[in-house]
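Structure first, then comments.
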Amino acid sequence: MQFDSFTFVVFFAAVLAAYNALRGWNARKWLLLGASYLFYAAWNPPFLLLLLGSTTLDWWIAQRIDTAPSQRARKRWLTATLIVNLGVLALFKYNRWLLANLSAVLALGGVHYVPAPPDIVLPIGISFYTFHSLSYCIDIYRQKFSPTRNWRDYALYVAFFPQLVAGPITRFPQMRPQIETPRSTTRAGLGTGLALLVLGLFEKCVLADGVFAPVADAFFGAATPPAGAAAWAGVLAFSGQIYCDFAGYSTCALGAALALGFELPVNFRAPYAAIGFSDFWRRWHISLSSWLRDYLYVPLGGNRRGRARTYANLLLTMLIGGLWHGAAWTFVLWGGLHGAYLAIERALREHVWGEREAAAPLRFLYGLVTLFFVVLAWVWFRAPGFAAGAAATRSLFASGTAALDVSQQLALLLFAALVGAHWLMRERDLRALPARVPAPLLGAALGLLLAAIVLAPGDTHAFIYFQF
């Protein structure tokens, strides 16, 4: 059940009506939990059992961590949940990749091993709800808060349907007061929520699927990628597609939650207007980058153990972040590129730039440099393999004489408009925008967006981050 489906419209309208018809907060929470499980089961019903099992086990282990008689016992329980959660994630997500790499390593030693293709389907959203559960158990181990004794409340935190399958990755302290304190739909929340839903669907259906995807697919699907301007059109189209697809989902998630009286953390803040690569990761997939910082980079030592160790920690964190996105070496390379960007930027700041605030023209220029290298890295995120990624990268810097067709020109124009919009919104909160627009103008704008969604050309694509 995708946000951009008629089924979801019917589902969400029914949930919203039933939610506000009920008076008791406990009854509303049971309704939301049941609706969340129905939402998830619509993808593949058997995997609901995996979600239920993972949720119940981590809820129980967190209480064992909290009541353990010694630090050693606490660590054993934490190790147990890490092994189970990461083991299940590896089984479903990395099984094929690990076997393929094992076969390649053995071949170097002259051993011919061809593993049987594993008949395993990747459960949708497993990376996201696994990180929800892990952050909860790790924070209990760190004694940041006490665990909830109410299974339903914890299950709702993990399975809340707006953010279940593609984030944002929430922390329990963000959701606990909202789950434990009664709330309902408000006029302001409903208005802003529905406006965000429409905006998110416009980003997904019209921009990502209708404008950017056909150009990106044609470029990356070509046996020999075109060179020059056509290559830049293809890569910039994917840069627009990946943003509008994922930010579109996140905007829909924010809107659906607000309509129900909940507030999820913002996951994107104008990333294509980032000034530097550390700034980019404070703006792109914020819930993941902050998760990797708090639960991987800092435990590795962060920047506390010398310069060389800091650079190594940055690189390792981003390599693992790349692997989180998919079981392929191209994702690892994409993460490695961003790790290198961050390390180089840190070295320049320490030895060349210092901490002085640069003049506005220089900041804008560095923003363009940041965007250029971010776009180059997207090639490896999208490319199906090393050979294809290398060919696509070479094509960007080769001369080409082919004229751009209308779809390529439109993709370039709208990507430029997207970057301009990010610079305008760089210091603004998207959630506050609907309230600042006069009602007649907002209504007309939403009407135009809805019309564009209904009339959007092109095929509907599954949200890209559903595969992660």
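The values are calculated or read from the model by the stated rules, or taken from the named source; none is laboratory data. All of these numbers come straight from a predicted model, not from anything done at the bench. Here the Cβ positions follow ideal geometry from the backbone for every residue, glycine too, while neighbour counts run over all protein chains shown.
Only residues that are at pLDDT below 95 and in a loop (DSSP other than H, G, I, E, B) were counted across region 150-169, and they come to 6. Count of region 279-300 residues, restricted to those that are closer than 20 Å to Lys144 by Cβ, touching a residue at least 12 places away in the same chain (Cβ under 8 Å) and assigned to a loop (DSSP other than H, G, I, E, B), is 1.
Please verify whether region 328-339 includes one or more residues that are surrounded by 16 or more Cβ atoms within 10 Å (Cβ to Cβ) and touching a residue at least 60 places away in the same chain (Cβ under 8 Å). For region 328-339, residues surrounded by 16 or more Cβ atoms within 10 Å (Cβ to Cβ) and touching a residue at least 60 places away in the same chain (Cβ under 8 Å): present. Do the conditions hold for Gly306, that is, is it in contact (Cβ under 8 Å) with a residue 24 or more places away in the chain and either farther than 29 Å from Leu122 by Cα or not assigned by TED's automatic domain parsing to the domain that holds Pro162 (or both)? Judged against the criteria, Gly306 is not a match.
Residues that are small (Gly, Ala, Ser) and not in a helix (DSSP H, G or I) within region 119-143 comprise just one, Gly125. Check whether at least one residue in region 429-447 is without any contact (Cβ under 8 Å) to a residue 60 or more places away in the chain and of a type in the set (Asp, Glu), and report yes or no. No, region 429-447 contains no residue that is without any contact (Cβ under 8 Å) to a residue 60 or more places away in the chain and of a type in the set (Asp, Glu).
Contact map, region 91-108: residues that are under 22 Å from Leu50 (Cα atoms) and free of Cβ contacts under 8 Å to residues at least 60 places away in the same chain paired with residues that are part of a helix (DSSP H, G or I) and β-branched (Val, Ile, Thr), Cβ distance under 7 Å, separation 6+ or inter-chain. Pairs shown: Phe92/Ile126.
For the criterion of being surrounded by fewer than 13 Cβ atoms within 10 Å (Cβ to Cβ), free of Cβ contacts under 8 Å to residues at least 24 places away in the same chain and assigned to a helix (DSSP H, G or I), Ala116 fails. Here Ala222, Ala257, Ala227 are screened, and the one residue that is out of contact with any strand residue (DSSP E or B) (no Cβ under 9 Å at 6 or more places or on another chain), part of a helix (DSSP H, G or I) and small (Gly, Ala, Ser) is Ala257. The set of residues in region 16-42 being under 25 Å from the mean Cα position of the chain (by Cα), part of a helix (DSSP H, G or I) and surrounded by 15 or more Cβ atoms within 10 Å (Cβ to Cβ) consists of Leu32, Leu33, Ala35, Ser36, Tyr37, Leu38, Phe39, Tyr40, Ala41. Can you tell me which residue within region 387-401, out of those that are surrounded by 13 or more Cβ atoms within 10 Å (Cβ to Cβ) and within 17 Å of Gly221 (Cβ to Cβ), is nearest to the chain's Cα centre (by Cα)? Step by step, filter region 387-401, then rank; the result is Gly389. Is there a residue being acidic (Asp, Glu) and either surrounded by fewer than 14 Cβ atoms within 10 Å (Cβ to Cβ) or under 23 Å from the mean Cα position of the chain (by Cα) (or both) anywhere in region 43-58? Yes, region 43-58 contains a residue that is acidic (Asp, Glu) and either surrounded by fewer than 14 Cβ atoms within 10 Å (Cβ to Cβ) or under 23 Å from the mean Cα position of the chain (by Cα) (or both).
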